[in-house]
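Reading through the structure tokens given below for one structure.
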Amino acid sequence: GDLAPSRRKTMAKADLEGYTFERFLSDFGRDLAPGSSEFSRRLAIFESSLLEVRALRARNVEEGRLWIAGVHPFMDRTPAELTALHGNRSVAPSVGRAHGGGGARRLGS
């Protein structure tokens, strides 16, 4: 069965309350020196990504979508780093577009 809207809303907030960059580093085995310029740069990218995940979760709850956006190991990567890691997929049509759907959209684009 379907989850009640109040239950979905609770699930959408629950595991991101108080989620920190330090926990992210621990969760994904990243080793950055606190106070370094690289730490500060990655922290800023992570915080922006976390805001996007929270906004996407809220939108999914409002629209009644059942999937929940979550924390992932690429939250401290720049768009250029993500392109290098995953390749540029903009030249290949997505399955969703081939069938008339909107296709997937990467956060931040």
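The values are calculated or read from the model by the stated rules, or taken from the named source; none is laboratory data. All of these numbers come straight from a predicted model, not from anything done at the bench. Cβ coordinates were reconstructed from backbone atoms using ideal geometry, including for glycine residues, and neighbour counts include every protein chain displayed. SASA here: full protein model, heavy atoms, side chains in, ligands and nucleic acids out. Shrake-Rupley method; radii C 1.70, N 1.55, O 1.52, S 1.80 Å.
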(message) From the protein chains alone at 1.4 Å, what is the descending order of accessible area for 71, 53, largest first?
(response) 71, 53
(message) Let me cross-check residue 22: its accessible surface, 1.4 Å probe, with only protein heavy atoms counted, in Å² to the nearest 10?
(response) 110
(request) List the trypsin sites (Lys or Arg not before Pro) within segment 21-88 that fall in a DSSP loop (any state other than H, G, I, E or B) and whose Cβ has at most 16 other Cβ atoms within 10 Å. (result) 30, 65
